[in-house]
Amino acid sequence: MMKTLFWNIRSVNTQQAFYRVQMLHRHHKFSIIALMEPFQHFRHIQGFRRRLGMRYAHYNCNGKIWFFVYDNVDVEILQDLEQQITIKLLFQDWNKSLMVTMVYAKCDHLERISLWDSLYNLADQMELPWLVGGDFNFIMNEDEKIGGLPVYLDEYEDFAFCITSCELFDINYKGSLFTWCNGRAGSDCSFKRLDRMIANSKLQDGFAHMEVQHLSRTGSDYAPLLLTCGESSHHIRKPFGFLKFWTEHESFLEVVNQAWITNFEGDDFIRFKLKLKNVKSALSAWSKATFGDIFKQLTVREEVVRIKEQCFEEDPTPMNRMVLQQAQAALKNYVHYEEEFWRKKSHMNNFAEGDRNTRYFHSIVNGRRKRLQIRRIQNQQGVWIEGESPLAEEACRFYQQQFSQEVDPLDFELLQHVPNMVDQDTNNQLVSMPTLEEVKKAVFELSADSAGGPDGMTGIFY
């Protein structure tokens, strides 16, 4: 578990702000604390570090960003600029490295250009998990503000284009949408989301649960941002999903045929269901034996190509060239498999065959996973429930009430008020059994990459 606090403490009585940070740290045990605009002399940073019990403290070149790091973390400062400071952290407990960029952006959009440029340069060679957070002094769109002066499209685009180009994504948050308030009354009051936490896909993949909490703006214009990252507490069984590239293998049809011809008792629908179940089991075992873990295999094939290239450079014989070409062909196959896998997971159907944008597909999948996570629900009493076990219990209780009824309804008077919109001839057509040709036409019009039901079998299988 890693916890991080980012907070612009402007307009706070400095001692009160530092006291609140100390109280929060006692409760959460932060690995990283970043403070913007502390309005305190630099010499005080070491005294505050000791009160926090942190091992490392530093401020950027103009003293607008202070940060503190916990004991078991090694720190390397990579960039120390006016609007951001970027550090590389090595967590000794996990033996993992992490890049963190702490931002305090200028208010003027022209002055922010140098900040966007520095992020572009960092992203260009970024290979580690990367967290970017702080006060960006700007919003992503018009929905992130209430009141105040209008914001122009070109300023939106600079911010959005930078985040998209750097392949960074918003981390889910709870609490108020707005992280800043000008504290005025009536029509002069203004709210904005000026602070945020964003991360690349490597960081999101490294932690199953990532969430930002916008804490209360106690005594400050700005809300503290509390980031919590934790590993998954249990293994989730993955449902079967038919993969399109299976159909390209020469033994695919034979595997399906051998599994399908098995005889089962029962009516046609039961037999069909059992045959599908048998095919899924056979394909899962066949895929594991034939393709293996495509991501591990891709890494292995890349290493094989690297070695074969080196051999060919040292001894450029026809035999070594043929071996290298074979290794390259095998690598291309697995690159294709990976692309098809992420294309299916991303549900992106508007790309032509041959479009290679695996990283984009992966980003789409990752974003969907984060959006579909249920972090809290509201029960019938209006109380918000959080945590995996309480969420599961409340969901079970809700559906048990929905689907358990002691008394059957006897009064159907309400149905008399429903207008009759379908005549008898149309109704006869609706309830009539479809012909085999109609069924075949419907099945063959299924999307090749989309499953028509929970069995995971896509249109291309049929």
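Taken over segment 152-170, the residue count meeting the criterion of being open to solvent by less than 30 Å² (accessible area, probe 1.4 Å) and assigned to a loop (DSSP other than H, G, I, E, B) is 1.
Please find, within segment 292-320, the residue that is farthest from H249 (Cα to Cα) out of those that are surrounded by 13 or more Cβ atoms within 10 Å (Cβ to Cβ) and of a type in the set (D, E, K, R). Per the criteria, the residue is E309.
Listed residues F264, F312, F295; which is assigned to a loop (DSSP other than H, G, I, E, B), touching a helix residue (DSSP H, G or I) at 6+ places or on another chain (Cβ under 8 Å) and either of a type outside the set (A, V, I, L, M) or modelled with pLDDT under 85 (or both)? Being assigned to a loop (DSSP other than H, G, I, E, B), touching a helix residue (DSSP H, G or I) at 6+ places or on another chain (Cβ under 8 Å) and either of a type outside the set (A, V, I, L, M) or modelled with pLDDT under 85 (or both) holds for just one of F264, F312, F295, which is F264. Exactly one residue out of L253, L225 is modelled with pLDDT of 85 or more and more than 30 Å from E127 (Cβ to Cβ), and it is L253.
All told, M23 meets the bar of being part of a helix (DSSP H, G or I) and among the aliphatic types (A, V, I, L, M). Taking (1) exposed (fewer than 14 other Cβ atoms within 10 Å of the Cβ); (2) in a loop (DSSP other than H, G, I, E, B) in turn, K174 satisfies each apart from (2). Against the test of being open to solvent by 20 Å² or more (accessible area, probe 1.4 Å) and β-branched (V, I, T), the options I45, I77, I32 yield a single qualifying residue, I77. If you filter segment 52-67 down to residues that are over 27 Å from the mean Cα position of the chain (by Cα) and in a strand (DSSP E or B), you find that the one that is surrounded by the most Cβ atoms within 10 Å (Cβ to Cβ) is I65. The residue that is farthest from L153 (Cα to Cα), among those in segment 96-114 that are outside any loop (DSSP other than H, G, I, E, B) and open to solvent by less than 50 Å² (accessible area, probe 1.4 Å), is S97.
Taking residues in segment 196-216 that are over 23 Å from S165 (Cα atoms), and partners anywhere that are part of a helix (DSSP H, G or I) and modelled with pLDDT of 85 or more, the pairs with Cβ atoms closer than 9 Å and at least 6 places apart or on different chains are L215/L24.
Summed over segment 115-137, the residues that are within 26 Å of L5 (Cβ to Cβ), assigned to a helix (DSSP H, G or I) and more than 22 Å from the chain's Cα centre (by Cα) give a count of 3.
Which one of Q40, Q46 is assigned to a loop (DSSP other than H, G, I, E, B), out of contact with any Gly (no Cβ under 6 Å at 6 or more places or on another chain) and modelled with pLDDT under 85? On inspection, the qualifying residue turns out to be Q40. Being of a type in the set (A, V, I, L, M) and in contact with a helix residue (DSSP H, G or I) (Cβ under 8 Å, 6 or more places away or on another chain) holds for only one residue in M140, M197, and it is M140. Evaluation of I374 against the conditions (1) of a type outside the set (K, R); (2) closer than 30 Å to K244 by Cβ; (3) modelled with pLDDT of 85 or more shows that the sole unmet condition is (3).
Would you check if T86 is within 22 Å of S220 (Cβ to Cβ), polar (S, T, N, Q) and touching a strand residue (DSSP E or B) at 6+ places or on another chain (Cβ under 9 Å)?
No.
Residues that are surrounded by 11 or more Cβ atoms within 10 Å (Cβ to Cβ) and either aromatic (F, W, Y) or under 29 Å from the mean Cα position of the chain (by Cα) (or both) within segment 264-282 comprise F264, F272, K280, listed in sequence order.
Scan segment 432-462 for residues that are open to solvent by less than 100 Å² (accessible area, probe 1.4 Å) and assigned to a helix (DSSP H, G or I) and jot them down. If the condition is that a residue be open to solvent by less than 100 Å² (accessible area, probe 1.4 Å) and assigned to a helix (DSSP H, G or I), then V439, A442, V443 are the ones that fit. Before we move on, is D71 in a loop (DSSP other than H, G, I, E, B), under 25 Å from G230 (Cα atoms) and touching a Phe, Trp or Tyr at 6+ places or on another chain (Cβ under 9 Å)? Criteria met by D71.
Could you tell me which of the residues T435, T458 is hydroxyl-bearing (S, T, Y) and out of contact with any helix residue (DSSP H, G or I) (no Cβ under 8 Å at 6 or more places or on another chain)? Explain how you work it out, then say what you get.
Working: T458 fails: out of contact with any helix residue (DSSP H, G or I) (no Cβ under 8 Å at 6 or more places or on another chain).
None of the other options fit; the residue is T435.
Of the residues D93, D143, the single one that is open to solvent by 60 Å² or more (accessible area, probe 1.4 Å), at pLDDT below 85 and outside any helix (DSSP H, G or I) is D93.
Within segment 98-122, residues that are farther than 18 Å from R10 by Cβ sit with their Cβ atoms under 7 Å from residues that are buried (at least 18 other Cβ atoms within 10 Å of the Cβ) and aromatic (F, W, Y), at 6+ positions apart or across chains, in these pairs: M99/W130. Can you list residue pairs whose Cβ atoms sit under 9 Å apart, with the first residue in segment 376-394 being among the aromatic types (F, W, Y) and the second being open to solvent by less than 60 Å² (accessible area, probe 1.4 Å)? Count only pairs 6 or more apart in sequence or on different chains. Every condition considered, the pairs that remain are W384/I377.
The values are calculated or read from the model by the stated rules, or taken from the named source; none is laboratory data. Small disclaimer: the values here were computed from a predicted structure and weren't measured. Positions of Cβ are generated from backbone atoms using ideal geometry, with glycine treated the same way; all protein chains shown enter the neighbour counts. The protein model used for the area step is the full one, side chains on, heavy atoms only, and it has no ligands, DNA or RNA in it. Shrake-Rupley method; radii C 1.70, N 1.55, O 1.52, S 1.80 Å.
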